[in-house]
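Notes follow the structure.
The values are calculated or read from the model by the stated rules, or taken from the named source; none is laboratory data. In this text, all values refer to a predicted model and were calculated from it rather than measured experimentally. Here the Cβ positions follow ideal geometry from the backbone for every residue, glycine too, while neighbour counts run over all protein chains shown. Only protein heavy atoms, including side chains, enter the accessible area calculation; ligands, DNA and RNA are left aside. Shrake-Rupley method; radii C 1.70, N 1.55, O 1.52, S 1.80 Å.
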Amino acid sequence: MGAEIRRLLRGIEVFAGELPGFDPAAAPADPVALFTAWLGEALRAGVPEPHAMTLSTAGGDGDPDARVLILKDVGANGWWFASDAGSAKGRDLAARPFAALTFHWPLLGRQVRVRGPVRTAEPERSAADFLARGAGARAEALLGRQSRPLADAAEREAAVAASRARVEREPGLVAPGWTLYAVQPVAVEFWQGDRDRQHTRLRYRAEGGGWLRQQLWP
């Protein structure tokens, strides 16, 4: 089985199709501007859910963990996402408020990597984000049971139904632990793949209140 899997994996084509070019010398001075431009290109190219990203954290024990979330906002004040503070990722961030984000847009052969300290938003902004979610998402979050063992599907269906009814009765209800987080990057890397493996990497590193741009070996 091992040899068969290895042959299967080796046979999967990568960097298929025509990939865009990337000239680091023409990149803007701020990584947010380049990220916004690349996100727009991903949308126009039909990349599914281009705002999805892998959030990587480490808890107090130093062990890493990762999961896929949705980017909520991006700007000079950081890359924003939301979660319950009592979730595994919330506990990780409470123990070690530092994280990495990874965006992967395979149709374009592109990755963006963001890493830096994490801070939380004001409670009012976190509450507004929660209330902007769909009723089903709010009902699930209000249960506060993420990552806990689930005995059976019927248990979840009953709990979510009761929570959804509560949302309908109290539309302004906010999960007490719902939190907006922002990664304030110390480094942002843009990675453009190439079929001949002549990949292009450009890293922005925070320095002196601005950004130092460096091209890296692939």
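Quick one: in the stretch 75-163, what % of C-alpha pairs are over 15 Å apart? Spell out each step's value before the answer.
Details: 2759 of 3916 pairs.
Of all Cα-Cα distances in the stretch 75-163, 70 percent exceed 15 Å.
Quote the relative contact order of the chain in percent (integer), defining contacts as alpha-carbon pairs under 8 Å separated by 6+ residues.
On the way: 352 pairs, mean separation 48.7, N = 218.
Contact order relative to length: 22 percent.
Could you work out how much longer the chain between Arg44 and Glu13 gets when fully extended? Use 0.36 nm per residue separation minus the Cα distance between them, nm to one decimal. Mind dumping the intermediate values first?
Working: separation 31, 0.36 × 31 = 11.16 nm, distance 2.30 nm.
Length gained, Arg44 through Glu13: 8.9 nm.
Taking each pair of distinct Cα atoms in the stretch 74-120 once, what is the resulting Kirkwood hydrodynamic radius in Å?
Numbers: mean 1/r = 0.0825 Å⁻¹.
Every distinct Cα pair counted, the radius reaches 12.1 Å.
Please compute the alpha carbon radius of gyration of the stretch 116-172, then divide it by the globular-protein estimate 2.2 N^0.38 Å. Two decimals is fine. Display every interim value, and only then the final one.
Values: Rg = 13.7 Å, N = 57, 2.2 N^0.38 = 10.2 Å.
For the stretch 116-172, the normalised Cα radius of gyration comes out at 1.34.
Calculate the spin-label point distance for Asp61 paired with Ser147, positioning each point 7 Å from the Cα along the beta-carbon direction, and give it in nanometres.
Each label point lies 7 Å from its Cα, and together they span 1.1 nm.
What span do the alpha-carbon atoms of the chain cover on each of the three principal axes, reported in whole Å from largest to smallest?
56, 53, 39
Tell me, what % of the accessible area of the stretch 1-145 is carbon and sulfur with a 1.4 angstrom probe? Display every interim value, and only then the final one.
Values: 4340 of 7840 Å².
Here it works out to 55 percent.
Would you mind calculating the relative contact order of the stretch 22-102 from Cα pairs under 8 angstrom and at least 6 residues apart, reporting the percent as a whole number? If you can, show how the numbers build up before the last one.
Working: 85 pairs, mean separation 22.6, N = 81.
Relative contact order, the stretch 22-102: 28 percent.
Keeping every protein chain present and rolling a 1.4 Å probe, give me the accessible area per residue for the stretch 1-146 in Å². Display every interim value, and only then the final one.
Values: 7940 Å² over 146 residues.
On a per-residue basis, the stretch 1-146 sits at 54 Å².
Between beta-carbons, use under 11 Å as the cut-off and find the net charge around Trp105, counting Lys and Arg +1, Asp and Glu -1. The partial results should precede the final answer.
Numbers: positive: Arg110; negative: Glu41, Glu49.
Within the 11 Å Cβ shell, the charges total -1.
Could you check the spin-label model distance between Ala52 and Arg6? Points 7 Å from the Cα along Cα→Cβ, value in nm.
With each label placed 7 Å out from Cα toward Cβ, I get 3.1 nm.
Quick one: net charge around Leu69, please, counting Lys, Arg +1 and Asp, Glu -1 for every other residue with C-beta under 14 Å from its C-beta.
On the way: positive: Arg67, Lys72, Lys89, Arg133; negative: Glu49, Asp65, Asp73, Asp84, Asp92, Asp129.
That sum, taken over residues with Cβ under 14 Å, equals -2.
Taking only the alpha-carbon positions of the stretch 1-95 and ignoring solvent, what does the Debye formula give for the base-10 log of I(q)/I(0) at q = 0.11, 0.25 Å⁻¹?
-0.57, -1.23
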